[in-house]
Structure formats: structure tokens, C-alpha cells
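A short worksheet on the structure shown next.
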Amino acid sequence: MKSLAELKAIREKMQSQVSLRGEDHDHIRVMVGMATCGIASGARPVLTTLSNLVQEKNLTDKIAVTQTGCIGLCQYEPIVEVMEPGKDKVTYIKMTPEKAEEVLERHLIGGHVVEKYTLSSADIK
Amino acid sequence: MMTEISLNILDVAENSTRAKASLVEITVDADFSADQLTVTIADNGCGMTPEQVERVTDPFFTSRTTRKVGLGVPFFKLAAESTGGSFSIQSQVGAGTTVTAVFILSHIDRMPLGDISSTIHTLVVYHPETDFVYRYRYNGREFTLDTREFKEILGDVPFSEPEVSAYILDFLNENKLETDGGAVY
């Protein structure tokens with residue numbers, strides 16, 4: 001069985017770094033819809049992909065990946081909302097892990113909204 | 001429609017966190033000699049009135065305002081009952097809610113358990129304010145994850161720290177492997 005001693009070692013290592021970090025309002029917030037509609041359409045792999053990539057690329061001090069409930073657009077799930085301080089909210093629809101990776105590279109890192117996946121580019125009736 | 005039992009667990013446990021539960025206990029108990037998989041999700045959240053409990057399995061009932069349907073609980077109920085199993089909810093306002101689903105393991109319509117370790121990891125890491133106790137049993141062997149133990153060790157270091165998050169996923173995967181020998185069902 002995996003032991004709790006390993007966790008103690010991580011704690012000792014992290015403690016000094018974490019105490020320096022407060023709540024940061026400059027974070028880009030990335031919210032993945034995780035209600036029934038989102039989960040049933042495959043939101044969990046999208047959330048995991050975004051969260052893993054942000055950690056792998058050491059972006060946790062710039063980008064916060066969180067989850068949210070249903071925003072009432074179930075037919076467009078999985079939905080990912082990007083909220084950047086001082087900018088309009090961008091809503092990406094019908095996401096997949098592959099699309100999420102592209103959004104991370106081009107929008108969250110590169111600063112260019114990936115228009116083709118956004119709600120505003122969709123043909124809404 | 002959910003494709004895995006674990007996704008149903010994720011969805012129903014999300015309801016517990018929205019019910020402001022401070023503790024959510026999830027038990028996954030696979031007993032092949034009895035041909036049953038029993039899933040229990042118990043919380044100490046706000047609970048439901050008898051009238052709400054009666055209507056919660058109705059897909060056209062929800063307490064949400066963003067849409068008019070509530071499919072999470074009906075999906076879970078149908079998934080269990082279509083295997084010849086059973087589904088029940090006990091709830092009391094102010095005390096909490098317990099959802100129990102029993103699946104018949106050998107039934108052809110039983111959906112796979114799915115990636116339960118990643119599902120529990122998602123719940124734990126994205127709901128740092130909620131304590132989780134997760135028990136996984138496989139033919140009598142078992143392991144338990146208790147986030148209260150983790151928090152006691154970690155102090156102010158959050159679960160979202162990459163190394164801590166990775167530890168939690170390893171804890172789930174490695175202990176599951178030791179418990180069930182890597183069985184896929």
C-alpha cells in the first residue's frame with residue numbers, strides 16, 4: 001500500500017514555496033462544466049487534459065483550472081469558459097481533449113482566441 | 001447517457017458537494033461471489049424533503065434554475081435497475097442523503113465500472129473544501145482513502161499542487177491494483 005510518509009515528504013518540500021503564494025487575481029480562470037450534461041458528453045477527460053497540461057507546463061501560477069455546474073447550454077457540452085482579467089469571457093463548446101490542448105496552446109499561452117470552437121462562431125438557432 | 005458507472009458516481013457525488021456536504025463517503029464494493037457491485041454515496045449535506053426524495057428519480061424534476069430536467073439520479077437508477085439490481089435514496093433534511101445502487105455484475109446490460117480512480121481523484125482535487133472518504137472493496141479485500149488524513153499531514157499545502165495531486169492519483173491507482181490485482185470489470 002502507498003504510504004502517507006511520502007505525502008509528509010512532499011509537504012516538507014512544498015511548505016516554503018506555498019507560503020509565498022497568496023490568492024492571485026491575475027490568474028486566467030478556465031472553467032469546465034461538470035454537471036450531468038457535461039459529464040455525459042465527456043467533460044472529465046477535457047478537465048483532466050487541461051489540468052495535466054497546466055501542471056506539466058508549469059503554468060499553475062498563471063492559469064487556474066476549475067469546474068462549474070450547468071450553465072443551461074447542455075446541447076453544447078462539454079463547455080469550457082475562459083475568463084481573463086480585463087477581457088470578455090470566451091465560451092468554447094463541444095470540447096474534446098484534443099481541442100482543449102489546442103485552446104491551451106493558442107489561447108491560454110499564445111493569447112489568440114480559437115474562434116472556430118467558440119459559442120459565438122456556432123450557428124445558434 | 002453515462003458510459004461508465006464511475007461517471008454516475010462523479011455526477012451524484014457532485015450533488016452532495018452542491019448540497020453543502022462537509023463529508024462525502026463513497027463506497028464501491030465488488031463481490032463476485034454474490035455477483036453484485038454495490039455503490040454507496042453518503043453525505044451530510046442539506047438533505048431532501050420526503051416530497052423531493054419522491055420526485056428526484058423523475059427526469060423532469062430538478063431544483064436547478066438553468067434547465068428544466070434533472071437526469072443525474074434517473075441515469076444512475078436506470079443503470080442499476082436495468083441489470084436486475086436495485087436503487088434507493090434515504091434522506092433527511094438537515095442530516096444528509098445516502099444513495100445506494102446495486103448492480104448485478106454478470107448482467108449483459110451492466111456498464112463497466114470505468115476509471116474509478118481518476119474519477120475519485122477529480123472529485124477530491126476539485127473540491128478541496130469537502131472531505132471525502134472513499135472505500136474500495138474487491139472480493140473482501142479493501143483500501144480506504146480519507147482526505148482528512150491527507151489534510152492533517154499537508155496543512156496549508158493544497159491538493160491542487162502538482163506533486164500532491166500526482167500523489168493522490170498514485171495512491172488511488174496503486175492501492176486499487178493491490179486490492180483487485182488489476183481486474184477490469
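Could you tell me whether any residue of the stretch B:102-116 is within 14 Å of chain A (Cβ to nearest Cβ) and part of a helix (DSSP H, G or I)?
Yes: one or more hits.
If the requirement is being surrounded by fewer than 19 Cβ atoms within 10 Å (Cβ to Cβ), β-branched (Val, Ile, Thr), within 14 Å of chain A (Cβ to nearest Cβ) and assigned to a loop (DSSP other than H, G, I, E, B), which of these qualifies: B:57, B:62?
Matching residue, one of B:57, B:62: B:57.
Within the stretch A:72-80, is even one residue closer than 30 Å to residue B:76 by Cβ and among the acidic types (Asp, Glu)?
Yes: one or more hits.
Is it fair to say residue A:89 is surrounded by fewer than 16 Cβ atoms within 10 Å (Cβ to Cβ), touching an Asp or Glu at 6+ places or on another chain (Cβ under 7 Å), of a type in the set (Lys, Arg) and over 22 Å from residue B:124 (Cβ atoms)?
Taking the combined requirement at face value, the residue satisfies it.
Restricting to the stretch B:127-163, and then to whatever is within 8 Å of chain A (Cβ to nearest Cβ) and in contact (Cβ under 8 Å) with a residue 12 or more places away in the chain, can you tell me which residue is surrounded by the most Cβ atoms within 10 Å (Cβ to Cβ)?
B:150
Within the stretch A:51-60, work out how many residues are among the hydroxyl-bearing types (Ser, Thr, Tyr) and buried (at least 20 other Cβ atoms within 10 Å of the Cβ).
1
Is it the case that the stretch B:86-103 has a residue that's farther than 28 Å from residue B:142 by Cβ and more than 17 Å from the chain's Cα centre (by Cα)?
There is at least one residue in the stretch B:86-103 that is farther than 28 Å from residue B:142 by Cβ and more than 17 Å from the chain's Cα centre (by Cα).
Do any helices (runs of 4 or more DSSP H) entirely within the stretch A:30-125 hold 1 or more residues that are in contact with a strand residue (DSSP E or B) (Cβ under 9 Å, 6 or more places away or on another chain) and over 20 Å from residue B:14 (Cα atoms), and if so, which?
Of the helices (runs of 4 or more DSSP H) lying wholly inside the stretch A:30-125, those with at least 1 residues that are in contact with a strand residue (DSSP E or B) (Cβ under 9 Å, 6 or more places away or on another chain) and over 20 Å from residue B:14 (Cα atoms) span A:43-56, A:97-103.
For residue B:70, are the conditions met, namely being assigned to a loop (DSSP other than H, G, I, E, B) and within 13 Å of another protein chain (Cβ to nearest Cβ)?
In short, yes.
Within the stretch A:61-75, which residues are surrounded by fewer than 19 Cβ atoms within 10 Å (Cβ to Cβ) and either more than 8 Å from chain B (Cβ to nearest Cβ) or under 14 Å from residue A:108 (Cα atoms) (or both)?
A:61, A:62, A:64, A:68, A:73, A:75, listed by residue number.
Spot the failing condition for residue B:119; the list is (1) in a helix (DSSP H, G or I); (2) surrounded by fewer than 19 Cβ atoms within 10 Å (Cβ to Cβ), and only one is missed.
For residue B:119, the failing item is (2).
Can you tell me how many residues within the stretch B:1-51 are away from every other protein chain (no Cβ under 14 Å) and closer than 22 Å to residue B:110 by Cα?
16
Please go through the stretch A:29-50 and give me each residue that is surrounded by fewer than 24 Cβ atoms within 10 Å (Cβ to Cβ), polar (S, T, N, Q) and facing another protein chain (nearest Cβ under 9 Å), ordered by number.
The answer is A:48, and nothing else.
Any read-out appearing in this document is the output of simple, stated calculations on the displayed coordinates, not a laboratory observation. Just so you know, these numbers come straight off a predicted model, no measurement behind them. Ideal geometry is used to build each Cβ from the backbone, glycine not excepted, and the neighbour counts take in all protein chains shown.
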